[in-house]
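**Q** Pasting a structure below so you can have a look.
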Amino acid sequence: MISFIVCLLLLIGGYFVYGKIVANTFGPDDRETPAVRLNDGVDYVVLPQWKLFLVQLLNIAGLGPIFGALSGALWGPVVFLWITFGTIFAGGVHDYFSGMLSERNDGASISEITGIYLGNGMKNVMRVFSVVLLVMVGTVFAVGPAGLIQLLFSNAGVTNVLSNKMFWLIVILVYYFIATFISIDKIIGKIYPIFGICLIIMAIGVGFGVLTNSNYVIPEIWSNFTNMHPSGTPIWSFMFITVACGAISGFHATQSPLMARCMKSERQGHTVFYGAMISEGVIALVWAAAGCAVYDGATLLEMGGGCPATVYDICSKTMGPIGLVLAMLGVIACPITSGDTAFRSARLVLADWFKIDQKAWANRLKLCIPVLGVGAVLGIGNALGKIDYTIIWRYFSWTNQTLAMIVLWAASMFLYLEKKNYWITVVPATFMSAVSITYFMLGKECLGAFGITTTVAYPVGIIAAILFLGLFIRATKKKAA
């Protein structure tokens with residue numbers, strides 16, 4: 001329990017100390033923001049700071065910090081370290097710069113931002129990466145909640161259409177279409193505060209339930225500083241990919257421009273972007289601790305790691321019937337409020353890519369239909385048992401962290417050009433390069449299918465990271481010349 005509390009305090013302290021260092025390094029000022037200058041009543045709309053924070057938190061805090069953290073608990077309490085330090089020194093930095101770089105460039109999508117600082121070739125790569133990632137996220141965050149709602153009604157003894165996963169999947173997809181199409185302040189700006197309360201209650205309830213129940217003991221890091229995964233899956237780089245959204249997530253870079261288009265002042269960035277990531281880290285820490293305390297590794301693995309059944313079981317054991325309803329509502333709202341903005345972000349990436357003005361409803365419709373159509377095919381395919389949910393999640397996880405790596409390199413170039421301390425982003429960029437390349441070598445859905453082992457993958461990942469660092473330094477010298 002001491003390890004958990006120390007990590008919790010470090011996360012809170014990280015917001016006030018390191019978060020302020022990050023903000024000061026960027027240097028927000030009083031220039032007119034895109035929300036004021038380009039207000040179109042659809043995507044560029046001024047929102048109050050408390051709404052900006054809650055919307056950003058719910059945008060990024062989908063199933064990742066819950067399912068990912070529970071799956072990360074398979075490695076034991078060492079996962080606390082990745083969640084804590086990954087959030088403070090990598091995830092928070094990534095989210096802040098992705099949001100503020102968009103703010104400085106008229107609210108542009110992250111693919112366009114990458115092109116500005118890393119060139120047109122990387123811009124085109126990021127365009128494809130972003131759209132693919134966002135559609136996968138939207139699909140995952142439709143299938144997951146549908147399964148949770150189905151489980152909730154099934155366990156309550158309901159046997160009609162309300163206990164049918166396909167029914168709820170269609171309902172969620174219809175909602176996603178509406179939220180993707182209409183003005184950001186019409187649904188997202190109004191219902192997110194309510195969902196935010198549910199999310200906060202859920203996190204507090206699970207955490208309090210674990211800490212006060214004598215049947216559960218959160219293991220200490222120093223007593224279990226080893227790989228505790230029942231299958232012996234390596235910590236490097238599998239844990240860093242699995243616990244994606246709870247420490248650092250490239251998906252967040254696709255969401256930050258949504259709020260960059262709604263901020264009245266650049267000085268709100270510390271709270272909106274860095275603060276929301278710290279809050280997500282706290283959520284992930286709570287769920288990782290619950291996974292370590294409620295189950296042993298073998299049981300957690302048998303239950304499927306992070307999945308609807310595990311979430312339902314933990315909520316039931318830690319809070320009882322009343323808390324269960326509140327917690328399940330929070331867990332269901334959490335991914336839904338990331339899924340809708342994932343599809344919305346996909347629309348905006350495509351709009352920026354093909355220069356399609358989004359003020360006219362017909363132009364929005366042209367992009368909403370194909371984007372939601374692909375998501376519907378993938379989601380319904382999963383509901384019919386034709387597409388494996390876990391495979392979608394694994395591809396999402398690797399794509400997610402690779403996107404984060406690229407965004408950090410773009411932020412590093414921005415800081416270099418501004419003659420500011422670029423090492424604040426270069427270090428996590430180099431680290432995430434090693435993580436992403438190593439997993440690409442080892443993951444079964446990547447080159448691991450060809451039998452590549454850690455003996456080969458580890459050195460390749462490290463060499464690749466050093467190579468990327470060298471390319472960055474070379475690029476800065478060219479610009480200096």
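**Q** Condition (residue is touching a helix residue (DSSP H, G or I) at 6+ places or on another chain (Cβ under 9 Å), under 30 Å from V140 (Cβ atoms) and open to solvent by 10 Å² or more (accessible area, probe 1.4 Å)) applied to the stretch 31-42: is it met by at least one residue?
**A** Taking every residue of the stretch 31-42 in turn, at least one turns out to be touching a helix residue (DSSP H, G or I) at 6+ places or on another chain (Cβ under 9 Å), under 30 Å from V140 (Cβ atoms) and open to solvent by 10 Å² or more (accessible area, probe 1.4 Å).
**Q** Also, I was wondering about something else. Could you check the stretch 47-70 and list, in sequence order, the residues that are within 24 Å of T242 (Cα to Cα), of a type outside the set (V, I, T) and either touching a Phe, Trp or Tyr at 6+ places or on another chain (Cβ under 9 Å) or assigned to a helix (DSSP H, G or I) (or both)?
**A** Q56, L57, L58, N59, G62, L63, G64, P65, F67, G68, A69, L70 - these are the residues of the stretch 47-70 that are within 24 Å of T242 (Cα to Cα), of a type outside the set (V, I, T) and either touching a Phe, Trp or Tyr at 6+ places or on another chain (Cβ under 9 Å) or assigned to a helix (DSSP H, G or I) (or both).
**Q** Please work out which residue is modelled with the lowest pLDDT, limiting yourself to the stretch 156-205 and to residues that are among the small types (G, A, S), within 30 Å of A289 (Cβ to Cβ) and open to solvent by less than 70 Å² (accessible area, probe 1.4 Å).
**A** Only one residue fits best here, namely G196.
**Q** Could we say that K479 is in contact (Cβ under 8 Å) with a residue 40 or more places away in the chain and either loosely packed, with under 13 Cβ neighbours inside 10 Å or in contact with an Asp or Glu (Cβ under 7 Å, 6 or more places away or on another chain) (or both) here?
**A** Numbers: in contact (Cβ under 8 Å) with a residue 40 or more places away in the chain: yes; either loosely packed, with under 13 Cβ neighbours inside 10 Å or in contact with an Asp or Glu (Cβ under 7 Å, 6 or more places away or on another chain) (or both): yes.
Yes; evaluated as a whole, the condition is true for this residue.
**Q** Let me ask something additional. Would you check if I452 is among the β-branched types (V, I, T), in contact with a helix residue (DSSP H, G or I) (Cβ under 9 Å, 6 or more places away or on another chain) and modelled with pLDDT of 95 or more?
**A** Judged against the criteria, I452 is not a match.
**Q** Just to be sure before I move on: is Q56 touching a helix residue (DSSP H, G or I) at 6+ places or on another chain (Cβ under 6 Å) and either without any contact (Cβ under 8 Å) to a residue 12 or more places away in the chain or open to solvent by 20 Å² or more (accessible area, probe 1.4 Å) (or both) in the structure I sent?
**A** So Q56 fails the test.
**Q** Output the number of residues of the stretch 238-258 satisfying the condition of being within 14 Å of A342 (Cβ to Cβ), touching a Phe, Trp or Tyr at 6+ places or on another chain (Cβ under 9 Å) and part of a helix (DSSP H, G or I).
**A** Residues that pass the stated criteria total 4.
**Q** For C7, work out the one condition from (1) in contact with a helix residue (DSSP H, G or I) (Cβ under 8 Å, 6 or more places away or on another chain); (2) over 19 Å from D95 (Cα atoms); (3) in a loop (DSSP other than H, G, I, E, B) it doesn't fulfil.
**A** Condition not satisfied by C7: (3).
**Q** What about K264, is it of a type in the set (D, E, K, R) and under 19 Å from L74 (Cβ atoms)?
**A** It is false that K264 is of a type in the set (D, E, K, R) and under 19 Å from L74 (Cβ atoms).
**Q** Does any residue of the stretch 122-131 turn out to be in contact (Cβ under 8 Å) with a residue 24 or more places away in the chain, farther than 23 Å from L258 by Cα, open to solvent by 10 Å² or more (accessible area, probe 1.4 Å) and among the charged types (D, E, K, R)?
**A** no
The values are calculated or read from the model by the stated rules, or taken from the named source; none is laboratory data. Not measured: the values here are computed from a predicted model. When we count neighbours, we look across all protein chains shown, and the Cβ atoms used for this are built from the backbone with ideal geometry, even at glycine. For the accessible areas, the whole protein counts, side chains as well, though only heavy atoms, and no ligand, DNA or RNA atoms are used. Shrake-Rupley method; radii C 1.70, N 1.55, O 1.52, S 1.80 Å.
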